[in-house]
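Asks: Here it is, the structure, as structure tokens.
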Amino acid sequence: MLFGVTSSGSYFAISGANALTGFSSFTTQLTTLPNYPVSGPIIKGMAIDPNGLVFFADASTNTANNGGQITIYHVSSSNPNTLSPNNVQSYSGNNNGVAMSDPIGIAVSETTITNSNYCSTAPCDYIYLLNIGNSIQQYVMPVPTPINGGVSINPFNLPYTGCEMTDPVALTSFPALNQSPFSTQSQTGPFVFLGNKSLSSLGPCSGATNSNYGNNVVSYGITGQ
């Protein structure tokens, strides 16, 4: 099943997308995301985990703290091409002193990596939110069924405000690190990929001898750079 979303909060689904037959002739029906928690969403990115949890990065200023939010839906168990209006959750604004400011990308990886502060019982979703202000925030939550509980925040963005970020534009990751072939590895990465679209002339970076760097893809491990 292939899901897509518009910036204003309508989504579509295409079944059999892995077959790639007749793809150019598909027409899709747009459906407004049910029970969306704010009016006037400005969705800049989406990601999905292996359990059918769907994460939207919303840059709308109509959120609780006027700073954007992550909104979570799940694929309906009774209708696999529908996003369920039940258990809709959102995390917004300046959570625990870690700001969401105009998010432009989101990625999620489910993993069995545990951490006493953020993921005591596996599996957990490690959620990465890319903000336009050159920062990545990491959010970690257990993935029970149905969705419940809160989310812990690991503000690991501070080291990533120098050479690695040069006008970031896109973020992605492998979604299922608890499945083969990743389940047989140490899961140290790199698993998260950041795309930069510009060059900087601030000086040498990461062993580069010339003065320009950027316009590249930077990779990160699930628990750090």
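Asks: Across the range 36-63, what is the total count of residues that are in a loop (DSSP other than H, G, I, E, B) and either under 12 Å from the mean Cα position of the chain (by Cα) or aliphatic (A, V, I, L, M) (or both)?
Replies: 4
Asks: Would you check which residues across the range 39-58 are aromatic (F, W, Y) and open to solvent by 10 Å² or more (accessible area, probe 1.4 Å) and list them?
Replies: Across the range 39-58, there are no qualifying residues.
Here is a yes/no grid of residues against (1) modelled with pLDDT of 75 or more; (2) open to solvent by less than 80 Å² (accessible area, probe 1.4 Å):
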position: N148; (1), (2): no, no
position: P204; (1), (2): no, no
position: S211; (1), (2): no, yes
position: N215; (1), (2): yes, no
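The values are calculated or read from the model by the stated rules, or taken from the named source; none is laboratory data. Model, not experiment: these values are computed from the prediction. Areas reflect the complete protein model, heavy atoms only, side chains present, ligands, DNA and RNA absent. Shrake-Rupley method; radii C 1.70, N 1.55, O 1.52, S 1.80 Å.
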